[in-house]
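The structure appears right after this line, and notes come after that.
The values are calculated or read from the model by the stated rules, or taken from the named source; none is laboratory data. Because the structure is a prediction, the values reported are computed rather than measured. For neighbour counting, all protein chains shown are included, and Cβ atoms are generated from backbone atoms with ideal geometry for every residue, glycine included. These area figures cover heavy atoms from the full protein model, side chains too; ligands, DNA and RNA do not enter into them. Shrake-Rupley method; radii C 1.70, N 1.55, O 1.52, S 1.80 Å.
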Amino acid sequence: MAPAFRQAPQVTAPLPAAPPPDAGGIKAIPAGTPPAGPQRLDDFRGQRRESQQGGRTIITEPGRIIIRDPGGQQYVRHSEVDRFRYGARDVQTSVVGGDTRTVVIRPDGTQVITVVGRDGQLLRRIRRDQRGREIIIIDNSYRDPRLGGGFYVALAPPVVRIPYNRYIVDSEEASPEVLYETMMAPPVERIERRYSLDEIRYSPTVRQRMPSIDVNTINFELGSWEIPPDQAAKLQAIADGLNRAIQENPRAVFLIEGHTDAVGNDVDNLSLSDRRAESAATLLTQQFNVPAENLTSQGYGEQYLKEQTDGPSAINRRVTIRNITPLLNGGQASLPPPPPGTAPPRR
């Protein structure tokens, strides 16, 4: 059976940045443009390259890097700018003081601003409306010097005091109201501080502070991240809940998690799960108008099997959604959005 790596990584330096855009640069993608690049794992296995960096093994492939720690843990990274630029009117990129600012301008004039540091790490994600009012959705710019600059946090698993079926919600059985309530539910344990997006992505016991929804109404074919049209329609209730939650709190951020079964090798499965998560996030935006900037996606491969089997399992080839806003802002999710241009409180 595939191992579930949960011990601390041996290399604690920040993870390498996501791969840069291709040689064509970052440009707007007209609405209705069919997906570009590989659509199945077989399309790019031969393009993978492996190298060593800081004690880690780095595997690069189109649109992704996979990082393998000496202890066996693996992490995948990709740029989220592609999701933002679909249907955009224009994309502008500039370098200011070593930071790279990518501004995606939508047809209605709304701008999504992504600020990345010179080390390639996300600093801020901002939405600016037509009148210049800003909401800072993610602020990763502050780091407590006592905590270092790592990406992994070892917490004890949370004590869950709510019914299990309200902690991990089955989307196929849940009513629209239960889906919405889960998306707005508070942490199951007190959040002691703000966590960076990377700490949330790569620290399972941090994520476990928040309830989640298993989106088992869509299943992926083996080796594929495509969501067929008949299954895409089943995301309507999820999208409705997300849009309602984001309208309630425009700073809300939802993590779309991708998972696989244990069939095949671990590198394939990690890449595949990350592409499934991105595919679900993309579809929620393109078909159901969920704001792209309020979503983030991450793949976990075969690390967290729902059905403990080495064989093919549609149950394991799934997507999970959870609200990570309280983790990003230190448990202050119930506060109203800050005034225009105001960063979240720093602790």
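Cβ-Cβ contacts under 7 Å between residues 6 or more apart (or on different chains), taken from a first residue in segment 28-40 that is surrounded by 10 or more Cβ atoms within 10 Å (Cβ to Cβ) and charged (D, E, K, R) to a second residue that is modelled with pLDDT of 75 or more and not in a loop (DSSP other than H, G, I, E, B), are listed as ARG40/SER224. Within segment 205-225, being surrounded by fewer than 17 Cβ atoms within 10 Å (Cβ to Cβ) and under 18 Å from the mean Cα position of the chain (by Cα) holds for one residue alone: THR205.
Only residues that are polar (S, T, N, Q) and at pLDDT 95 or above: list them for segment 161-176, please. Across segment 161-176, the qualifying residue is only SER175. Between ARG193, ARG161, ARG201, the distinction of being in contact (Cβ under 8 Å) with a residue 12 or more places away in the chain, part of a helix (DSSP H, G or I) and either out of contact with any Cys (no Cβ under 7 Å at 6 or more places or on another chain) or of a type in the set (S, T, N, Q) (or both) belongs to ARG201 only. Counting only residues that are in contact with a helix residue (DSSP H, G or I) (Cβ under 6 Å, 6 or more places away or on another chain) and at pLDDT below 95, segment 289-310 holds 4 of them. The one condition from (1) in a loop (DSSP other than H, G, I, E, B); (2) open to solvent by 30 Å² or more (accessible area, probe 1.4 Å); (3) farther than 24 Å from PRO14 by Cβ that ARG244 does not meet is (1). Got at least one residue in segment 108-115 being in a loop (DSSP other than H, G, I, E, B), at pLDDT 90 or above, open to solvent by 80 Å² or more (accessible area, probe 1.4 Å) and within 20 Å of ARG83 (Cα to Cα)? Among the residues of segment 108-115, at least one is in a loop (DSSP other than H, G, I, E, B), at pLDDT 90 or above, open to solvent by 80 Å² or more (accessible area, probe 1.4 Å) and within 20 Å of ARG83 (Cα to Cα), which makes the answer yes. Scanning segment 44-62 for residues that are without any contact (Cβ under 8 Å) to a residue 60 or more places away in the chain and within 16 Å of LEU15 (Cβ to Cβ) yields SER51, GLN52, GLN53, GLY54, GLY55, ARG56, THR57, ILE58, THR60.
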